[in-house]
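First comes the structure, then the notes that go with it.
All of the numbers you see were taken from the coordinates with simple rules; none came from a lab. Keep in mind it's a predicted model, so treat the numbers as computed, not measured. Cβ placement follows ideal geometry from the backbone for every residue including glycine, while neighbour counts extend to all protein chains displayed.
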Amino acid sequence: MFTLKDFPLEVLNAFERAFGTTSENRPTAQVWVDILARLESSLIKCQVMPSHFYPKKSGECLWCSFTSKFRLDMFPHYEASTPKGNQWLNDQIAAVLKRLQQIEISDFQGILPELENSLPTPAASSLPSDESSDSLLQTIGIMGGILGLAWMIDSPNYGALFILGLAYYIYKKGDKSELTQQRFATIKNEYTAADNQLKLKFDSFLGRSVYGELQAVAKSLERTVALCMKIDTELQEELDKQLADSKNNLLNSYLDKFSIHNAKISGIGPSKKAKLRSFGIETAADINSRRVSAVPGFGQVFTSKLVDWRKSKEAGFVYKKAQVFDDNEEKKIRDTYNRRKNTYLNDLKSGLKALESYNRDKLIQDAMSDTNLIQAVKDRFQARINLKSLGLVSPPETPKTIKIIKIGFPTKANTVVSRHAKTSSTTKSSSTTKSSSTSTSNKSSPPKCPKCGSLMVKRTPRGVGRGQHFFWGCRKFPSCNGTRSY
């Protein structure tokens, strides 16, 4: 959050004098006008958000920082509700997504060798002694003693005594060799255990460190990216639906002009027309197969005649855009989606800033101050030195999960809906409107007023018993008296 220190010294001094105890020193209205005029002329326009301006002294856009921190843009781009503003938002999002695609932080495993290199090399310890030479000397001594004894007693069996001594030496050598191999295996196992322990300590450290935070940021960014990829498709679907609803409302308003009472339909006389009226079917807009067939005495033949009559009237309908109403509805839809886009853009910028602020040196410093991790590094280092002093090669390290911070992108990238795509979608919607109007003209949801476009409510005519007849009346009555058959 910014303070007065972010503003020029002239502004800071003016505020200090304004809240001082000496009234004579307080700036006058004209002084304030001059100071603020100079401040306005010195403001810098933000390169990211054209509607943001900030003092040069602050060094960065204060409003972008505010938006990133609180996810609220106090000064959204003034063109955001127009197609041009929508394109501008798309360009901004695309620029951030491009930078996110280039981010890959994958050097976490390289921290361990650096930690080990920063430690002093320990001396070898707990090593098995080489007893093979001692065994040979002992055997030679024993054989010499036996030969000396045989010489003193003048024994002729020197050869047998020599063979006996040699057998004793071979036996002792094999025994000592087996013992040495067991000790070597023990040291190898110690190294493997130290390596596994270091892996656990390192994973635990990463979870507590900036890696865990970056991982959470990356997952949040992936969700936001997925929303960005489909928002334009959702916007176009909403605009198409709004257009279809507008056409349906105008079509129903047009069909309401054709009363069944004045129509000449073969086989449907005054009595049948009266029966239809009693069931709320008075104009062409009220006709559909389901409603007509529910009237007693109207089978498939009469139902088909009424539906065909409606279609003949429907064929004369020409859609003319209700300019003001439709434009306002479209603006509301675009505003809603652009507010969402603006929120996504702020989230992407905030996440990008967090990823770009990753400091590897800071992570290494944190690792150096982690006592448990450093002790695990020392233990494995000691085990490696012990193996090396015996002339043994260190076993392969336990496979570790590769730590990578990278934003996953959906396989299908969303694109800005072009004018051609919008036109083709509109044409498709137009072609399906007439075929679906019969079934959609009497939905359970309230229709819109043919005069002002507001939603309508179900009303009962005066002088008619409750529950017998209904009609749709404008919600804004009495300021608007738009009606529609129920």
Practice problem: List, in order, the whole-Hz ³J(HN,Hα) value for each residue of the range 12-25 obtained from phi through the Karplus relation with A = 6.51, B = -1.76, C = 1.60 and θ = phi - 60°; use x for Gly and Pro. | Solution: 4, 5, 5, 5, 4, 5, 5, 9, x, 8, 9, 5, 5, 8
Quiz prompt | Inter-label distance for Q365 and D335, nm, one decimal - labels placed 7 Å from Cα along Cα-to-Cβ | solution = 4.9
Quiz prompt | Unsatisfied cross-links (Cα-Cα over 20 Å) in the set K353/K406; K69/K362; K69/K331; K247/K311 | solution = K69/K362; K69/K331
Quiz item: How many nm separate the modelled label positions at D203 and E238, each set 7 Å beyond the Cα in the direction of the Cβ?
Solution: 4.4
Self-check item: Cα centroid separation - the range 271-342 against the range 198-255, whole Å
Solution: 36
Exercise. Once you've got the Cα coordinates, tell me which of K57/K349; K313/K458; K320/K451; K275/K313 are over 19 Å apart.
Key: K57/K349; K313/K458; K275/K313
Exercise. Report the extension gain between A37 and K311 in nm, rounded to one decimal, defined as 0.36 nm multiplied by the number of residues separating them, less their alpha carbon distance.
Key: 91.9 nm
Exercise. Just subtract the alpha-carbon distance of E104 and N13 from 0.36 nm times their residue separation and send over the number in nm, one decimal.
Key: 28.1 nm
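Quick one: net charge of F53's neighbours, Cβ under 12 Å, K/R +1, D/E -1?
+1
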Quiz item: Taking the C-alpha atoms of the range 172-306, how large are the radius of gyration and the largest Cα-Cα span, Dmax, in Å?
Solution: 40.9, 126
Self-check item: Estimated FRET transfer efficiency (F279, R223; beta-carbon r; R0 60 Å; 0.05)
Solution: 0.70
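Under a Cβ-Cβ cut-off of 9 Å, what is the net charge of the residues other than N90 that fall near it, where Lys and Arg count +1 and Asp and Glu count -1?
-1
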Self-check item: Simple spin-label estimate for S289 and R26 in nanometres, 7 Å along Cα-Cβ
Solution: 8.1
